[in-house]
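What follows is a set of notes on a single structure, which appears directly below.
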Amino acid sequence: MSKVPYQKSVLQYAEQLQKVKERGLIVRDEKRFLKLVELKSYYRLSGYWYPLLEDKRNHIFKSGASFDAAMQMYSFDSELRRLMNQALEKIEIAVRAKMIYIMAHSFGAYWYMDSNRFKNIISHSQTILKIAGEYNRSDANFISAFKHKYSNELPPCWTAFEIISFGVLSKLYQNLRHGKSKREIANWFGLDDKTFSSWLHSFVYVRNICAHHSRLWNVELRIQPRYPDRPFNVWLMEKVAQNNRMFFVFSMIIYFLQTIDGNIIFLKKLKTLIAKYPTIDTGAMGFPVNWEHEPLWQ
């Protein structure tokens, strides 16, 4: 297919309203529509009425498709991102704490700077540069105090890890040489090290989706986490879940939280959120039939 220049015209808010109405979208409250496209942008909202299209090539809506239904999806997605952020924060903090403790006791406070501990020296050097950049930019009181008192180029791991991102944390773990300490970190969360590394990468990917306020609920994940070979704790009964959909990620979070906090709060809130929006298509999130009967989801 040959490419063509982009030639679509820029529309006023009222013209945007007229366009969706002509394509069959029911807009009961036009003032609300105009206010929301002004505050959130037409293009952003169009991602939520896209599932309501019957003819996606010509952007023709299904019979009965409404702006209210699209906004239900928008509200669900917004609440879901907030819930995911809370859960991923718990996971990030727990992973960070366990890496600090196990690695520091095995190899000292500055293990993360020792290139001999890592598989790829170039990748490790790039990671250290990122950590140094964060350290030099940071104006946190504990960082300023360290700079004032000590001559070290960088602080010990328990200090440095307070300013690094989840992505850097994930890369450090992935790049660690295989060994007892790497396995011990993963095993504490009930996984082998390869699956643990894969899941961390996926968590970072999902966290970035949330951070950029992108659509989450029906996303098809580009980074697909591994199926665990021998999970130590309760996991999905069979390989019925698609690992490129959110149900699999929800299940990963539930699995992690079994170890971290017993999982009660996240699972309860997620089920409550799904019940609050009964029109949301759980199939689009990869929920299999009878998902509520899975022991992991009890």
Could we say that residue 46 is open to solvent by 60 Å² or more (accessible area, probe 1.4 Å), small (Gly, Ala, Ser) and out of contact with any strand residue (DSSP E or B) (no Cβ under 8 Å at 6 or more places or on another chain) here?
no
Report yes if some residue within region 58-76 is out of contact with any Lys or Arg (no Cβ under 6 Å at 6 or more places or on another chain) and modelled with pLDDT under 95; otherwise report no.
yes
Among (1) touching a Lys or Arg at 6+ places or on another chain (Cβ under 7 Å); (2) in a loop (DSSP other than H, G, I, E, B), residue 198 falls short only on (2)
Out of 182, 147, sole residue that is free of Cβ contacts under 8 Å to residues at least 60 places away in the same chain and open to solvent by less than 30 Å² (accessible area, probe 1.4 Å):
182
Could you list all residues from region 109-144 that are open to solvent by 20 Å² or more (accessible area, probe 1.4 Å), touching a residue at least 40 places away in the same chain (Cβ under 8 Å) and not in a helix (DSSP H, G or I)?
109, 110, 119, 120
Any idea how many residues of region 19-43 are open to solvent by less than 90 Å² (accessible area, probe 1.4 Å) and without any contact (Cβ under 8 Å) to a residue 40 or more places away in the chain?
12
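Residues in region 86-96: is at least one surrounded by fewer than 15 Cβ atoms within 10 Å (Cβ to Cβ), under 21 Å from residue 159 (Cβ atoms) and among the polar types (S, T, N, Q)? Give the derivation first.
So the first thing to find is which residues in region 86-96 are surrounded by fewer than 15 Cβ atoms within 10 Å (Cβ to Cβ), and the list is 86, 89, 93.
Then keep just the ones that are under 21 Å from residue 159 (Cβ atoms); that gives 89, 93.
Now narrow it down to the ones that are among the polar types (S, T, N, Q): none.
Checked region 86-96: no residue is surrounded by fewer than 15 Cβ atoms within 10 Å (Cβ to Cβ), under 21 Å from residue 159 (Cβ atoms) and among the polar types (S, T, N, Q).
Just to be sure, is residue 53 under 30 Å from the mean Cα position of the chain (by Cα) and surrounded by fewer than 13 Cβ atoms within 10 Å (Cβ to Cβ)? Before the answer, list the steps.
Details: under 30 Å from the mean Cα position of the chain (by Cα): yes; surrounded by fewer than 13 Cβ atoms within 10 Å (Cβ to Cβ): no.
So residue 53 does not fit the description; no.
Out of all the residues in region 128-149, is one or more in contact with a strand residue (DSSP E or B) (Cβ under 7 Å, 6 or more places away or on another chain) and of a type in the set (Phe, Trp, Tyr)? It would help to see each step written out before you state the result.
To start, the set of residues in region 128-149 that are in contact with a strand residue (DSSP E or B) (Cβ under 7 Å, 6 or more places away or on another chain) comprises none.
Within region 128-149 (the criterion being in contact with a strand residue (DSSP E or B) (Cβ under 7 Å, 6 or more places away or on another chain) and of a type in the set (Phe, Trp, Tyr)), the answer is no, since none of the residues qualifies.
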Index of the failed condition, residue 66 passing every other in (1) under 30 Å from residue 257 (Cβ atoms); (2) open to solvent by less than 30 Å² (accessible area, probe 1.4 Å)
(1)
Residue count, region 150-170 (criterion: in a helix (DSSP H, G or I) and open to solvent by less than 80 Å² (accessible area, probe 1.4 Å))
8
Determine whether region 252-272 contains at least one residue that is assigned to a helix (DSSP H, G or I), surrounded by 16 or more Cβ atoms within 10 Å (Cβ to Cβ) and among the hydroxyl-bearing types (Ser, Thr, Tyr).
yes
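The values are calculated or read from the model by the stated rules, or taken from the named source; none is laboratory data. Everything numeric here is computed off the predicted structure, so don't read it as measured data. In this analysis, Cβ positions are derived from the backbone assuming ideal geometry, glycine residues included, and neighbour counts consider all displayed protein chains. Please note that ligands, DNA and RNA were not included when accessible areas were found on the heavy atoms of the full protein model with its side chains. Shrake-Rupley method; radii C 1.70, N 1.55, O 1.52, S 1.80 Å.
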